[in-house]
C-alpha cells in the first residue's frame, strides 16, 4: 500500500486526488487552508486536514517522512510552493513532487528540494497541439524531451505485412508496445502480427522519427 500527501486542493489537486483514488493500494492525506475545497474529496481519502502548510509545526504534525511521496499542488502563490517544498525536504520527506507553470519556477523548486517538477498545463497543451496537428496521431505521452509514446495509425505500405517483414525497429527506429482494435488494447504483439488498416498502434519513438511515419 502506497501513501501520498497532497497539499493544495485547487483544480490540479482535485484532479490528481480523484485520479489516484482510481488506483489500487493507494492511501491519501489531503491538506488545504480551506475546508470547503476538501469536502467533496472526503470519500476518497483516509484523512483530510485544514491548515497552513507554510507553518513548519503544521507540516511536522503530518509525519511527512512516512509518506511515499508528497505532492505540492499549489497554484497562484509560488512563494508558498517554494517554502512548502523546502520544509518538506527539511522534515525528511522521501520524495517531493511540485507543480510549476514555467521553467524558471521549476529551477527554483529543484534548488529548494523538489525531486521532480510537473507542468500540468504545459503538458496538456502540448498533447493537444501534437494530436490536433496530425490526422495520424491520436494521443501522446512525453517520456523525455525527445522521446514519447504515441498512438498512431500504421503506414499504408505496412498493411498486410507482419511486424517482422516491415522491421519497424530497424527501418523506422520505433518500437511497437501494443495495438488497439475495437476498443481493446493488446500489449506486446508478436513479430508475426499482421498490420491492418483500422487499428491504432502504441509506439515509443523520438519526435523526429515519429514524423517520418505520420506525414
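The values are calculated or read from the model by the stated rules, or taken from the named source; none is laboratory data. Quick caveat: nothing in here was measured; it's all calculated off a predicted structure. Virtual Cβ from ideal backbone geometry, glycine too; neighbours counted across all protein chains shown.
Tabulated data
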item	result
Selected residue (criterion: nearest to the chain's Cα centre (by Cα)) from residues of the stretch 16-41 that are under 17 Å from residue 76 (Cα atoms) and assigned to a loop (DSSP other than H, G, I, E, B)	37
Residues of the stretch 91-122 that turn out to be in a helix (DSSP H, G or I) and in contact with a helix residue (DSSP H, G or I) (Cβ under 8 Å, 6 or more places away or on another chain), as a count	4
For residue 192: the one exception among (1) over 22 Å from residue 135 (Cβ atoms); (2) within 29 Å of the chain's Cα centre (by Cα); (3) assigned to a loop (DSSP other than H, G, I, E, B)	(2)
Failed item, numbered, when residue 23 is tested on (1) modelled with pLDDT under 95; (2) crowded, with 17+ Cβ neighbours inside 10 Å	(2)
Top-ranked residue of the stretch 150-168 - restricted to ones that are outside any helix (DSSP H, G or I) and in contact with a helix residue (DSSP H, G or I) (Cβ under 9 Å, 6 or more places away or on another chain), ranked as surrounded by the most Cβ atoms within 10 Å (Cβ to Cβ)	150
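Table: residues versus (1) at positive phi; (2) modelled with pLDDT of 90 or more; (3) crowded, with 18+ Cβ neighbours inside 10 Å.
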position: 117; (1), (2), (3): no, yes, yes
position: 127; (1), (2), (3): no, no, no
position: 132; (1), (2), (3): no, no, no
position: 170; (1), (2), (3): no, yes, no
position: 197; (1), (2), (3): no, no, no
position: 206; (1), (2), (3): no, no, no
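For (1) surrounded by fewer than 22 Cβ atoms within 10 Å (Cβ to Cβ); (2) within 17 Å of the chain's Cα centre (by Cα); (3) farther than 23 Å from residue 109 by Cβ; (4) at pLDDT below 95, each residue gets a yes or a no:
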| site | (1), (2), (3), (4) |
| --- | --- |
| 4 | yes, yes, no, no |
| 14 | yes, yes, no, yes |
| 68 | yes, yes, no, no |
| 76 | yes, no, no, yes |
| 80 | yes, no, no, yes |
| 88 | no, no, no, no |
